[in-house]
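Comments concern the structure below.
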Amino acid sequence: MIKDSVFLITGGLSGLGRGAAERLLKEGASVSICDLKFAHNDDKLRSFQDKVLFFQVDVTSEKEIRNAIDLTKRKFGKLNGVINCAAVNLTRPVYNFQTFEPHSLQEFKTILNVNLIGTFNVIRLAVPVMAENQPNENGERGVIINTSSILAHRGLENKVAYAASKAGIVGMTLPLAKELSAYGIRVVDIAPGIFSSTTYNELQTSNGDGLVFPKRIGKPTEYGDFVKAVIETAMLNGTSVRLDGAARI
């Protein structure tokens, strides 16, 4: 199902998104990688040559995402799935009683804009392209995999903006799955725990005692492994799955 399929991955140059990109490319998929960064000298990903496209985009930009999707279809002929990994993090109290300053409203908006609205922006523009696909034996035409966080399920102090943005992604999952079922498109959310990615650096150092088993942080390759499992498991739909080694931070 993965071989010869086409996927668009946001945040695909590092962390969880890169783990997904490398795994899908190894499985024989073609991948369009969208990231704010530009892949100047990424020899590992560029070694896949005509199986990978790179786009320097802002996920909140309709023009830039639409262009990436259009060029993906032009190059590869279709779009089978989207993996949304682009995210920004923030640690702020709702009110700082030492400096007598409330949480910046602009910072709160920025986190929601990238993490939640950016995810929705990619979905709404990718859906009509996936709906054009011929259905497989299960009637499936495409799959959308979003990335929330265990903080969406069990928040942490000083993480109100980040937790709210990720909880919004969880909240979108079932309504989207129900709406898109008529077109054979599944929607699944992965809620990672403490992984070795830039988004989770703070959690790695401050919440090691919350790890259960394995007693280590997760690897982006393991996120990629689970993305593969989600794509290949048709019964996974409309749900948020914790990928956290039972961590409770």
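Values quoted throughout were computed directly from the atomic coordinates according to the rules given, and no laboratory measurement underlies them. This structure is a prediction, so every number in the text was calculated from the model and none was measured. Quick reminder, even Gly has a Cβ in these numbers, built from the backbone with ideal geometry, and neighbours come from all protein chains shown.
A few remarks follow.
- Based on Cα contacts under 8 Å between residues 6+ apart, the range 6-243 shows a relative contact order of 22 percent.
- The range 6-243: antiparallel DSSP beta bridges as a percent of all, rounded to 5: 5
- Sequence-separation-based contact order of the range 1-121, relative, with Cα cut under 8 Å and 6+ spacing, percent: 27
- Within the chain, longest stretch clear of exposed GluC sites (Glu not before Pro) (DSSP loop, no more than 13 other Cβ within 10 Å): 1-131
- Between 0 and 90 degrees, the angle of helix 160-180 with respect to the longest Cα principal axis of the chain falls at about 30 degrees.
- Share antiparallel - DSSP beta bridges, the range 1-124, percent rounded to 5: 10
- Based on DSSP H segments of at least four residues, each scored -39500 (n - 2.57), the chain has a per-residue ellipticity at 222 nm of -11500 deg cm²/dmol.
- Taking T60, T119, T147 in turn, the Gaussian network model of the chain (Cα-Cα springs below 10 Å) assigns the largest fluctuation to T60.
- Angle in degrees between helix 15-26 and the longest Cα principal axis of the chain, rounded to the nearest 10: 20
- Evaluated with a Cβ-only charge set (Lys, Arg +1; Asp, Glu -1), the chain carries a dipole of roughly 160 debye about its Cα centre, given to the nearest 20.
- Only one residue of A152, V227, I169 has its Cα farthest out toward the positive end of the dipole of the range 6-243, where Lys and Arg carry +1 and Asp and Glu -1 on Cβ, and that residue is V227.
- Of the residues T239, T99, T91, the one that moves most in a GNM of the chain with alpha-carbon contacts below 10 Å is T99.
- Between 0 and 90 degrees, the angle of helix 118-130 with respect to the longest Cα principal axis of the chain falls at about 10 degrees.
- Among the trypsin sites (Lys or Arg not before Pro) in the range 1-110, those placed in a DSSP loop whose Cβ has at most 15 other Cβ atoms within 10 Å are K3, K37.
- Sites K215 and E179, calculated FRET efficiency, Cβ-Cβ separation with R0 41 Å, nearest 0.05: 0.50
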